[in-house]
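A.B. asks: I'd like to ask some things about the structure below.
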Amino acid sequence: MDVSMLEFAGRAQDAFDAAHFKDSYRLAVEGLNGRADHPGLLAIAGRAAMELGLDEATTYLGRLVEQTPADATAWRDLGMARLNSADLGGAEQALRTAVQLDPGDSAMRVSLGHVAYLGGAADEADRQLSEAARMAPADVTALRSLSEMRRLKGRVQAAIDAADELVRRAPEDIAGTMSLAELNLTLGNYAESLACYRRLTELDTDQGHAGHIIHAMIEVEICRERWRRALDYAIIATTLDRHRLTTDLLAFVSNQLFGTGERPAPPRQEIESRLRARRSEHRRLHAEVLAGLGT
Amino acid sequence: MSQNLTITPARPATETVQWTKCPSCDAFLYLKRLEHNLKVCPECRYHFRLPAADRLAQLLDDGVLHELGQDVMPFDALSFVDSRSYADRLEQAQRKTGRRDAASYGRGTIGGLPVVIAVMDFAFMGGSMGGAVGEIITRSAEEALQTRTPLVIITASGGARMQEGCVSLMQLAKTSQALGRLKEAGVLSICVLTDPTFGGVTASYATLGDVLIAEAGALVGFAGPQIIEQTIRQRLPKGFQTAEFLLGHGMIDLVAQRENLRQTLTKMLRLHAEGPAAPLPAGRAAALITDPGQIARRPAWEVVKLARNIGRPTTLDYAGLIFDDFVELQGDRLYAESSSIVGGPASLAGHPVMLIGHQKGHSTSELVARNFGMPEPEGYRKALRLMRHAGRLGMPVITLVDTPGAFPGLGAEERGQAVAIAESIMEMARLTVPIVTVVTGEGGSGGALALAVGDRVLMLQNAYYSVISPEGCSVILWSNAASAPRAAEALRVRAPDLLELRIVDGVVPEPEGGAHTDQVTTAANLKEALVTTLNELMPIDPQTLLAARYQRFRCFGTPAAHPAPAMAGASAKEDD
C-alpha cells in the first residue's frame, strides 16, 4: 500500500475519532478517489456518511462488506446505515449476517431484535433481546425494550418479568421502576405496584415529580378501593399542590369514605382517566431523558 | 466550571447502538435516525424536547457557538432549604446536565449572518430562571446592543426559580429592561418559544422580542393549565396554550416546524439586515402617472365595480409577484389574529421593507375567511405593531389598501374599533421611516385611511377611495340604494379625480381591461411605482420626512392651502 493512502486513512480516522465527521468524510472520499476498494477508507467514508445522515453511507458500507464479507462490524454498520435510510428489510438482513459472524456481540442482537420487531417479527425480537440480556448482564437496554415490546403485545406478565430483572440489575433506574409499577398496576398486583412507587419517591427527586408519584399511589389505592389509605395519600398530595386534580381526588376519596359532601367530585371514570393521563405525562418526562441519553 | 455545549456527537453511533421509544406513539426509534430527524419522531412527528447543545447544533452554522459569560454561576442568596438544600439541588442538576445553569449565550452565525444567541435548557431544574439565567439573558441583550447584532433567544422554562425568592422575581425586570434598550436602539430581537415556556419567562423577555416564533406544538403560557383549571374550576379546551392556540389568539408571529426553524430564522435575519445604500433598481414597466389628463376616465360606477372584481390582485398576490421572501407576521399581541390585514417584512428589489395590506380573496370561502377584507380592531393593532417594528428597525413601510371599510360589528365596537383606527392614523403620521401607500382596490373610508397616512399616496388606475361607500351615500342622501352610481360620480372617488384633489400623488396604470385581466403586468407597474417613490423618499432625513407628511395632510380643507382642482365638475357633467 502506498504511503499517501495510509496517510489519508490515518487522517480520516483521526478526524472521525475527534467527531469531525465532515472532514473525516471528505478525506476518506478523497482517498477513495485514489483507491476505490480500500477497506479502511470505505469503512470511514461509510461511518462518517452515516453520522452526517448521508444516503451514501449504504453505498460505501455495501462496498465494504463486498471487500470484507467476514467482518461482522462492517455488516452491523451497513445494517444501521440501511435502517437510517428506512430500508428495514436490508437492515435486518445485514444485522442477521453480523450476528451470525459474531454471535457473542450483544449490541448487534439488540439492534437485530429491534429491527425484527419493527418488521413485525415479535417472537424473533423477543428471542434476540432475551439472548442479548443474558449475554450482557450490565446492560439494561435489551431488558427495557423487551419489557416494552411485551407490554405492547399484551403479554403483561412477561413484561413484568423483564422489568423486574431490569430493576434487579439497575435498582436506581427510574424509568424501569416506573414501568414495573405501571405493569403491576395493570395486572392488579397492587402491593407490588405501590412498592415500586414508594421506591420512586426516593429515586425520582426532580422538581415537581413528587406530585406525579403521589397521584399514582392514590390511583393504586382507588383501584383496590382502600379508601382510608387513598385519603391519607390525597392529604399528602395537598401538601404538594392544590391543583384541580389533587383537590378533585381529595373530594372523590372523601366522598367514598364519608358519603357525598358539599364539594362535588367528578365520577370515578373521569378520575381514572385523568390519573392515567397524569401517569402518561410522568412517563413522557422520563422518556425524554432516555431519548437524550439513549436507552 | 466548563459546560456541556458539545455540539457534535461525542460517541459515533456505530460505536454504541442506541434505541429509544417515542413517548407519544410508542414507536421504537433508532436514536441516530431520530437525531437526523432533529429529534422529531418520524412516525408521529412528536417533537422531543431539546437540550441547549442540540438546539445550537441545529440552528447555528456548523453548530459553532463562541460561548460568552462563562463566569456566570448560580448562587444560593437565600440559603434556601426545602426537603433538600438549594445548594444540593444545584449541584445535582449540574452533575446531571453537565451545565452551570439553565441558560448559555454566545456569538455565532445563522445562514452566514451574525447573531448573539441565548439558549435555555429545560433539563436544568425545569429551565427555571434565577439570577444566573437572568444574568445570561441580560448580558446577551447587552452584547447585542453593544455590537448592534441581532439577538436570538431560545426559551424553555417553567418560570421563575422559587429557591431564589424575590431575587428570581427581579430577573423579570432586569431582563425586560435590557430587551427594552435593545428595542429603543433598533436592534432586532427574535424569541423562539419552545416547549415548555411558562411563568416569569413568558412574562418577561420571552414575549418581548420584535419577532416571536413558537415551535410547533410547544406549550406556552403564563399560568400553568393545572393552576388555571383549579382557579376557574372549568376544563380547558383542547389545544389550550399550544403554539397554534397562541397564534390564533394573536400572541405570536408565527409557528415553525423544527425542520424549518433555521430557515425561518435565516430569512428573518436577512430581511432585517441593512439594505444596500444604492438606489433601488428600476424596471421597464409603465411609469407612474401624475397628470390627471393622461388617465382615460371611465364612469365612476364602472371603476367601483372593477375595484371590487373578485379576480383583482390581493396583497398576498402582490407579495408574491413584487417582493422576495415575504414572511407573514401575525397577531396584535393583545387579543387575536385578524386575517383581513396581512403584513410582514419582505425584500423589494433587494431592500428590506415592511409590507402591510388589507387582504380579500378570490373565492367565497377565501372572502369569508378574510372577512371580506373588513378588519376588526385586531387587524389595525397588528398593522400598527408592524409599523412600529418597521420604524424601530428603519424599514420603509408599504401599505396596500383594499377594503370596503372597517368591520361594523358588535365585537369590533366592544374592542375599540374607532380607537384602533385613530391610533393607527396618528402613529402613521409620526413614524420616522418612509411610508408609501397604494390604494389597490377599494379605499373604504376610515378603514382604509388607517393604513393610508403615507408620505406618498398612490392609487391604481381603477381603484376608488371614498369617505363612504357609494351605496351608503345613496341610501342616506338619495333615500335609496339604486342611486349608487350617481353617488359614486358625486363623491369623485376615481383616481384622476383624487389626483386633481391631491388626495393621491400618483396613479399606477392598469392593463386595459383592469388589474384582474393581467396580474403580472399590474404587479410590474406597481413595483415600478414603489421603486420610483421609495428612491425619492429614502434619502430624506426623518425630521424632514415627518414635517412634509404633516403638511401633506395638514393642508386638506384649509382655504388657500388646498388648491381647487382644475377639472372640478367636468367629470360629473360628462356622466350625467
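A.B. asks: Would you check if there is a residue in segment B:178-192 being farther than 24 Å from B:Leu269 by Cβ, surrounded by 22 or more Cβ atoms within 10 Å (Cβ to Cβ) and either touching a Leu at 6+ places or on another chain (Cβ under 9 Å) or within 14 Å of chain A (Cβ to nearest Cβ) (or both)?
C.D. replies: No, segment B:178-192 has no match at all.
A.B. asks: Any chance segment A:201-218 includes a residue that's closer than 27 Å to A:Ser145 by Cβ, within 13 Å of chain B (Cβ to nearest Cβ) and β-branched (Val, Ile, Thr)?
C.D. replies: So far as segment A:201-218 goes, yes, one or more of its residues are closer than 27 Å to A:Ser145 by Cβ, within 13 Å of chain B (Cβ to nearest Cβ) and β-branched (Val, Ile, Thr).
A.B. asks: With respect to the numbered conditions (1) surrounded by fewer than 24 Cβ atoms within 10 Å (Cβ to Cβ); (2) farther than 25 Å from B:Val255 by Cα; (3) touching a helix residue (DSSP H, G or I) at 6+ places or on another chain (Cβ under 8 Å), which one is the sole condition not fulfilled by B:Gly130?
C.D. replies: (1)
A.B. asks: Taking into account only those residues within segment B:160-171 that are surrounded by fewer than 24 Cβ atoms within 10 Å (Cβ to Cβ) and in contact with a strand residue (DSSP E or B) (Cβ under 7 Å, 6 or more places away or on another chain), which is farthest from B:Pro51 (Cα to Cα)?
C.D. replies: B:Leu169
A.B. asks: Right, next: Tell me, yes or no, whether segment B:501-517 has at least one residue that is modelled with pLDDT of 95 or more, in a helix (DSSP H, G or I) and either crowded, with 18+ Cβ neighbours inside 10 Å or of a type outside the set (Val, Ile, Thr) (or both).
C.D. replies: yes
A.B. asks: Going through A:Glu272, A:Glu288, A:Glu262 one at a time, which residue ends up being over 35 Å from the mean Cα position of the chain (by Cα) and of a type in the set (D, E, K, R)?
C.D. replies: Selected residue: A:Glu262, the only one of A:Glu272, A:Glu288, A:Glu262 that is over 35 Å from the mean Cα position of the chain (by Cα) and of a type in the set (D, E, K, R).
A.B. asks: OK, next. Could you list all residues from segment A:65-83 that are among the aliphatic types (A, V, I, L, M) and under 12 Å from A:Asp102 (Cα atoms)?
C.D. replies: As a first pass, look at segment A:65-83 and keep what is among the aliphatic types (A, V, I, L, M): A:65, A:70, A:72, A:74, A:78, A:80-81, A:83.
Passing the criteria: A:Ala70, A:Ala72, A:Ala74.
A.B. asks: Moving to a separate point now. Going by the conditions given, is B:Gly293 among the small types (Gly, Ala, Ser) and part of a helix (DSSP H, G or I)? Outline the logic, then answer.
C.D. replies: Details: among the small types (Gly, Ala, Ser): yes; part of a helix (DSSP H, G or I): yes.
In short, yes.
A.B. asks: Ok, one more. Please indicate, with yes or no, whether at least one residue in segment B:46-61 is small (Gly, Ala, Ser), more than 10 Å from chain A (Cβ to nearest Cβ) and on the phi > 0 side of the Ramachandran plot.
C.D. replies: Checking segment B:46-61: not a single residue is small (Gly, Ala, Ser), more than 10 Å from chain A (Cβ to nearest Cβ) and on the phi > 0 side of the Ramachandran plot.
A.B. asks: Residue check: is A:Ser273 closer than 19 Å to B:Gln230 by Cα, of a type in the set (Ser, Thr, Tyr), in the same structural domain as A:Met178 (by TED's automatic domain parsing) and loosely packed, with under 13 Cβ neighbours inside 10 Å?
C.D. replies: Taking the combined requirement at face value, the residue satisfies it.
A.B. asks: With respect to B:Gly209, determine if the residue is out of contact with any helix residue (DSSP H, G or I) (no Cβ under 7 Å at 6 or more places or on another chain), surrounded by fewer than 21 Cβ atoms within 10 Å (Cβ to Cβ) and of a type outside the set (D, E, K, R).
C.D. replies: no
A.B. asks: Could you tell me which numbered condition A:Leu41 fails, if it satisfies all but one of (1) within 22 Å of B:Asn37 (Cα to Cα); (2) more than 32 Å from the chain's Cα centre (by Cα)?
C.D. replies: (1)
A.B. asks: Test A:Leu95 against the stated conditions and say whether it is at pLDDT 95 or above, touching a helix residue (DSSP H, G or I) at 6+ places or on another chain (Cβ under 8 Å), of a type in the set (A, V, I, L, M) and within 23 Å of A:Arg63 (Cα to Cα).
C.D. replies: yes
A.B. asks: Moving on to the next point. Helices (runs of 4 or more DSSP H) wholly in segment B:163-265 with at least 1 residues that are out of contact with any Gly (no Cβ under 7 Å at 6 or more places or on another chain) and without any contact (Cβ under 8 Å) to a residue 60 or more places away in the chain - which ones? Walk me through how you get there before you give the answer.
C.D. replies: On the way: elements: B:165-184, B:199-202, B:225-232, B:243-248.
Counting at least 1 such residues, we get B:165-184, B:225-232, B:243-248.
A.B. asks: Just checking, how many residues over segment B:47-66 are buried (at least 17 other Cβ atoms within 10 Å of the Cβ) and in a loop (DSSP other than H, G, I, E, B)?
C.D. replies: Here the count works out to 6.
A.B. asks: Then there's this: Please list, ordered by first then second residue, the pairs with beta carbon atoms under 6 Å, 6 or more apart or interchain, first in segment A:52-76 and assigned by TED's automatic domain parsing to the domain that holds A:Leu41, second crowded, with 18+ Cβ neighbours inside 10 Å and among the basic types (Lys, Arg).
C.D. replies: A:Thr58/A:Arg82
A.B. asks: While we're here: Looking at the structure I just gave you, is A:Arg279 within 24 Å of A:Ala159 (Cα to Cα), touching a Pro at 6+ places or on another chain (Cβ under 6 Å) and either within 12 Å of chain B (Cβ to nearest Cβ) or among the aromatic types (Phe, Trp, Tyr) (or both)? Walk me through how you get there before you give the answer.
C.D. replies: Details: within 24 Å of A:Ala159 (Cα to Cα): yes; touching a Pro at 6+ places or on another chain (Cβ under 6 Å): no; either within 12 Å of chain B (Cβ to nearest Cβ) or among the aromatic types (Phe, Trp, Tyr) (or both): yes.
No.
A.B. asks: If A:Ala237 satisfies every condition in (1) outside any helix (DSSP H, G or I); (2) within 14 Å of chain B (Cβ to nearest Cβ) but one, which is the exception?
C.D. replies: (1)
A.B. asks: Taking only segment B:18-31 into account, find how many residues are of a type outside the set (Ser, Thr, Tyr), at the interface with chain A (Cβ under 7 Å from one of its Cβ atoms) and farther than 22 Å from B:Thr194 by Cα.
C.D. replies: Number of matching residues: 4.
A.B. asks: Let me ask something else. Return yes when A:Ala251 is over 18 Å from A:Ala175 (Cα atoms), more than 14 Å from chain B (Cβ to nearest Cβ) and assigned to a helix (DSSP H, G or I) and no when it is not.
C.D. replies: Against the criterion (over 18 Å from A:Ala175 (Cα atoms), more than 14 Å from chain B (Cβ to nearest Cβ) and assigned to a helix (DSSP H, G or I)), A:Ala251 does not qualify.
A.B. asks: OK, next. Taking the condition of being assigned to a strand (DSSP E or B) and more than 30 Å from B:Gln92 (Cβ to Cβ), how many residues in segment B:125-151 meet it?
C.D. replies: So the answer is 1.
A.B. asks: Here's something else I'd like to know. Yes or no: A:Arg144 more than 11 Å from chain B (Cβ to nearest Cβ) and not aliphatic (A, V, I, L, M)?
C.D. replies: Numbers: more than 11 Å from chain B (Cβ to nearest Cβ): no; not aliphatic (A, V, I, L, M): yes.
Judged against the criteria, A:Arg144 is not a match.
A.B. asks: Which of the residues that make up segment A:75-88 are more than 10 Å from chain B (Cβ to nearest Cβ), more than 18 Å from A:Phe21 (Cβ to Cβ) and either buried (at least 16 other Cβ atoms within 10 Å of the Cβ) or touching a Ser or Thr at 6+ places or on another chain (Cβ under 9 Å) (or both)?
C.D. replies: Answer for segment A:75-88, where residues must be more than 10 Å from chain B (Cβ to nearest Cβ), more than 18 Å from A:Phe21 (Cβ to Cβ) and either buried (at least 16 other Cβ atoms within 10 Å of the Cβ) or touching a Ser or Thr at 6+ places or on another chain (Cβ under 9 Å) (or both): A:Trp75, A:Arg82, A:Asp87.
A.B. asks: Continuing with the same structure: Of the residues A:Arg242, A:Arg263, A:Arg229, which single one is assigned to a helix (DSSP H, G or I) and either modelled with pLDDT of 95 or more or in contact with a helix residue (DSSP H, G or I) (Cβ under 7 Å, 6 or more places away or on another chain) (or both)? Break it down stepwise before answering.
C.D. replies: On the way: A:Arg242 fails: assigned to a helix (DSSP H, G or I); A:Arg263 fails: assigned to a helix (DSSP H, G or I).
Going through A:Arg242, A:Arg263, A:Arg229 in turn, the sole match is A:Arg229.
A.B. asks: For residues that are within 29 Å of B:Ala87 (Cβ to Cβ) and crowded, with 24+ Cβ neighbours inside 10 Å, tally how many sit in segment B:139-158.
C.D. replies: 7
A.B. asks: Continuing with the same structure: Kindly establish whether A:Asn189 is at pLDDT 95 or above and either among the acidic types (Asp, Glu) or over 21 Å from A:Ala133 (Cβ atoms) (or both).
C.D. replies: Yes: the conditions hold for A:Asn189.
The values are calculated or read from the model by the stated rules, or taken from the named source; none is laboratory data. The structure presented is a predicted model; accordingly, all values stated were derived computationally and were not measured. Here the Cβ is made from the backbone with ideal geometry for all residues, glycine too, and neighbour counts use every protein chain on show.
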